[in-house]
Amino acid sequence: MKITDVVLFRVTGKWTGSEFPPGDRQARPLDVYPELDRSARTGTSGGVRTMRAIYVEIQTDAGVSGLFGPIQEAQAFVIRKSLAPFLIGRDPLANEALLDQMIRMDRHGRSGMFMTGVSPVDCGLWDLKGKAWDLPVYRLLGGPTRERVPAYASMLGFSIDPEGAGQTALAYREKGFTAQK
């Protein structure tokens, strides 16, 4: 099996359901500077919110493909310009070797923007391998290690206003979440 293409595609649609998450958007490190805080919501009009996402699909000559997303524009750039040309013709099941080689393509290794492009490709390769071997990825990684895993509430995207964030945190605690990020 060989990789024949690395396809980036955009999915768009309209969301008319309830507002989720409550609040503005994912907080950004730049938000500490009021002049750079762009917390106003974009793409919302009359209760309809435009949704956009980019996905990466790794295709093979065997008809098996791996999918990952959504990803950011900057990740798509790294994938399109550097990683896709490198991956074409390679064995997608050699994902450990491919990960090491992709990391070594950039002199900054395991950091920076380049690495954020490597990560979704790596996840897509694991998805592809799971489909090729008809196994869930957790089995490929050694199987289950415990019967239960405690859950936490991911609070990314919730209100960045301290009072609003506090109210949301309390509401999720009342829902039974013992941990939040």
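Here are some notes:
- Subset tally (residues that are at pLDDT 65 or above, under 27 Å from Glu163 (Cα atoms) and in a loop (DSSP other than H, G, I, E, B)) for segment 38-63: 1
Conditions tested, residue by residue: (1) of a type in the set (Asp, Glu); (2) modelled with pLDDT under 90; (3) open to solvent by 80 Å² or more (accessible area, probe 1.4 Å); (4) over 14 Å from Val6 (Cα atoms).
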residue	(1), (2), (3), (4)
Ala76	no, no, no, no
Ile88	no, no, no, no
Arg110	no, yes, yes, yes
Phe114	no, no, no, yes
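- For segment 1-18, a tally of residues being among the polar types (S, T, N, Q) and assigned to a loop (DSSP other than H, G, I, E, B) returns 2.
- Condition met for Gly143 (of a type outside the set (Val, Ile, Thr) and in contact with a Leu (Cβ under 9 Å, 6 or more places away or on another chain)): no
- Being touching a strand residue (DSSP E or B) at 6+ places or on another chain (Cβ under 7 Å) and of a type in the set (Gly, Ala, Ser) holds for only one residue in Gly143, Gly124, and it is Gly124.
- Lone unmet requirement of (1) within 30 Å of Ala169 (Cα to Cα); (2) free of Cβ contacts under 8 Å to residues at least 12 places away in the same chain for Met155: (2)
- Test: residue in segment 147-158 that is part of a loop (DSSP other than H, G, I, E, B), β-branched (Val, Ile, Thr) and closer than 26 Å to Arg10 by Cβ: no
- Of all residues in segment 146-161, those that are at pLDDT 85 or above and in contact with a helix residue (DSSP H, G or I) (Cβ under 9 Å, 6 or more places away or on another chain) total 1.
- Residue count for segment 64-82 under the criterion of being in contact with a helix residue (DSSP H, G or I) (Cβ under 8 Å, 6 or more places away or on another chain), under 30 Å from Gly17 (Cα atoms) and part of a strand (DSSP E or B): the result is 5.
- Residue among Asp106, Asp122 that is closer than 23 Å to Glu73 by Cβ, in a loop (DSSP other than H, G, I, E, B) and open to solvent by less than 100 Å² (accessible area, probe 1.4 Å): Asp106
The values are calculated or read from the model by the stated rules, or taken from the named source; none is laboratory data. A quick note: this is a predicted structure, and the numbers were derived from the prediction, not measured. Heads up, the Cβs are rebuilt from the backbone with ideal geometry, glycines too, and the neighbour counts pull from every protein chain shown. In case anyone asks, the SASA skips ligands and DNA or RNA and just uses the protein heavy atoms, side chains included. Shrake-Rupley method; radii C 1.70, N 1.55, O 1.52, S 1.80 Å.
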